[in-house]
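Asks: One structure, as structure tokens, below. Some questions next.
The values are calculated or read from the model by the stated rules, or taken from the named source; none is laboratory data. This structure is a prediction, so every number in the text was calculated from the model and none was measured. Side chains included, ligands, DNA and RNA excluded: accessible areas come from the protein's heavy atoms. Shrake-Rupley method; radii C 1.70, N 1.55, O 1.52, S 1.80 Å.
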Amino acid sequence: MKTYLALKHAAPSALLPAAFHTITRARLVTKYPHGGIVRGDTLMHCTLANGLHDEPFDDRGWDVFPIPDQPWQAGLYERHKGTKYDVFSQLAFAVPWAVTDSSRLYCFEWQYLWLTGRRPPSRVVPEMLLAETLK
């Protein structure tokens, strides 16, 4: 089954998600304010509303990058499914010190965990994830 790093560039249509998209994009100075992992036709990603969950993948508004399957990925999603969104760690992008909540994940932390098999040591941005896919 093909697996992809998926990075979203299109803004949502709803007002609050669109505002969060714009703020995240500006703060991270990135084209991609959200991301997930795609396996087959399923997107696995973390959102504020649903935590880590899966849904059918519609590629409109997303860029996808193929990634190899690794042994540690077997069962990884099932072990973390339902994990709450890590709002607390988002503070790390606004304050100069490390902030984290190891019991939660935000979208890029989930992608880093999928790509490396370990929790990120610090803030994760899309460009770090793209660098991991090129290793």
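Asks: For PHE57, enumerate residues with amide H under 5 Å from its amide H, sequence gap 5+ or separate chain, H modeled in the peptide plane.
Replies: Under 5 Å from the amide H of PHE57: THR42, LEU43.
Asks: Under 5 Å between amide H atoms, partner at least 5 residues away or on a different chain: which partners does TYR106 have, H built in plane at 1.01 Å?
Replies: Amide H neighbours of TYR106: ASP86.
Asks: A further question follows. Quick check for you: with a 1.4 Å probe and neighbouring chains kept, what is the accessible area per residue of the chain, in Å²?
Replies: On a per-residue basis, 56 Å².
Asks: What is the chain by shape, rounded, prolate or oblate, if you read a ≥ b ≥ c off the alpha carbon gyration tensor as root eigenvalues and call it rounded for a/c under 1.5, prolate for a/b larger than b/c, and oblate otherwise?
Replies: rounded
Asks: Right, here's the next one. Please report, as a whole percent, how much of the solvent-accessible surface of the chain comes from carbon and sulfur atoms (probe radius 1.4 Å).
Replies: Accessible surface attributable to carbon and sulfur in the chain totals 60 percent.
Asks: Still on this structure: Starting at the first residue of the stretch 117-126, write each ³J(HN,Hα) from the Karplus equation 6.51 cos²θ - 1.76 cosθ + 1.60 with θ = phi - 60°, in whole Hz, x for Gly and Pro.
Replies: x, 9, 5, x, x, 7, 4, 10, 10, x
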